[in-house]
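Undergrad: One structure coming up, written as structure tokens, with questions to follow.
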Amino acid sequence: MTIGEQIKYIRSRRNITQNQLAQIVGVHPVTIRKYETNKLQPKKEHLSKIADALWVSPLVFRGFDANNMKMRTVGDLMSILMFLHKLHVMVPNDEYTEVKVSPYLREYFAFVIRKSSTPISDGVIDFLNDEVKKQYFRWAHLYDGCMKKREDYKYEHSEYTDEQYENAFSEEEELLMTVEMELAMNLENLVEFKPE
């Protein structure tokens, strides 16, 4: 199913007209028709607004193709950790010394250790590799700080245009992107866990 077909399917299931969706997203109704007939691909920001308007995750449209994901290097692991962090599946504590499992998952999962299970409500993820832990927390602290600054800035400067807002964070965004790319490019092979 194409992105356009997905938009049309979900929109009709939610009983939202093309005109209503266009108004929420801030585009002309013809644009929504072009999306749905695959004559035009939505921009990333429009796709996020469409997902919000239709009450679905943007992953419904962008997809999460696990078939293309590899788990061979530390860089692969770091990419997955960053992805889980951005989805709020992994939540660092305030001191950035441990990672808790998202409260949203606590109702659905438990840790199973040799036929006994522990509720995730108290679950903390412990890193066994100090270097991966250090790199993850360095990135998470930078990412969370950047997101907090963006949120605060947007609140304090609500009169700014999107372009002014984006320009205010271009240097921080570039630094964050650079750190993410560096972490993802670590080609050190993962070490397989071997139980004793």
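Undergrad: Give me the residue from segment 131-165 that is hydrophobic (A, V, I, L, M, F, W, C) and within 16 Å of the chain's Cα centre (by Cα) and, out of that set, surrounded by the fewest Cβ atoms within 10 Å (Cβ to Cβ). Write out each step before concluding.
TA: In the first step, residues of segment 131-165 are kept if they are hydrophobic (A, V, I, L, M, F, W, C); the result is 132, 137, 139-140, 142, 146-147.
Okay, now just the ones that are also within 16 Å of the chain's Cα centre (by Cα), so 139-140, 142, 146-147.
Working: 139: 19, 140: 19, 142: 15, 146: 15, 147: 12.
For segment 131-165, the residue satisfying everything is 147.
Undergrad: So, one more: So which of 60, 56, 27 is at pLDDT 90 or above and β-branched (Val, Ile, Thr)? Before you say what the answer is, go through the steps one by one.
TA: On the way: 60 fails: at pLDDT 90 or above; 56 fails: at pLDDT 90 or above.
Only one candidate passes the filter, namely 27.
Undergrad: Residues of segment 101-132 being in contact with a helix residue (DSSP H, G or I) (Cβ under 9 Å, 6 or more places away or on another chain), outside any loop (DSSP other than H, G, I, E, B) and modelled with pLDDT of 75 or more, which ones?
TA: 101, 131, 132
Undergrad: Name, by its number, the condition in (1) modelled with pLDDT of 80 or more; (2) touching a strand residue (DSSP E or B) at 6+ places or on another chain (Cβ under 6 Å); (3) not charged (D, E, K, R) that does not hold for residue 88.
TA: Evaluating residue 88 over (1) modelled with pLDDT of 80 or more; (2) touching a strand residue (DSSP E or B) at 6+ places or on another chain (Cβ under 6 Å); (3) not charged (D, E, K, R) leaves (2) as the failure.
Undergrad: Separate question: Please enumerate the residues belonging to segment 133-182 that are assigned to a helix (DSSP H, G or I) and β-branched (Val, Ile, Thr).
TA: Here is the first cut: in segment 133-182, the ones assigned to a helix (DSSP H, G or I) are 133-156, 162-168, 170-182.
Scanning segment 133-182 gives 178, 179.
The values are calculated or read from the model by the stated rules, or taken from the named source; none is laboratory data. No experiment lies behind these values; they were computed from the predicted model shown. Using ideal geometry, Cβ is built from the backbone for each residue, glycine included, and neighbour counts are taken over all protein chains shown.
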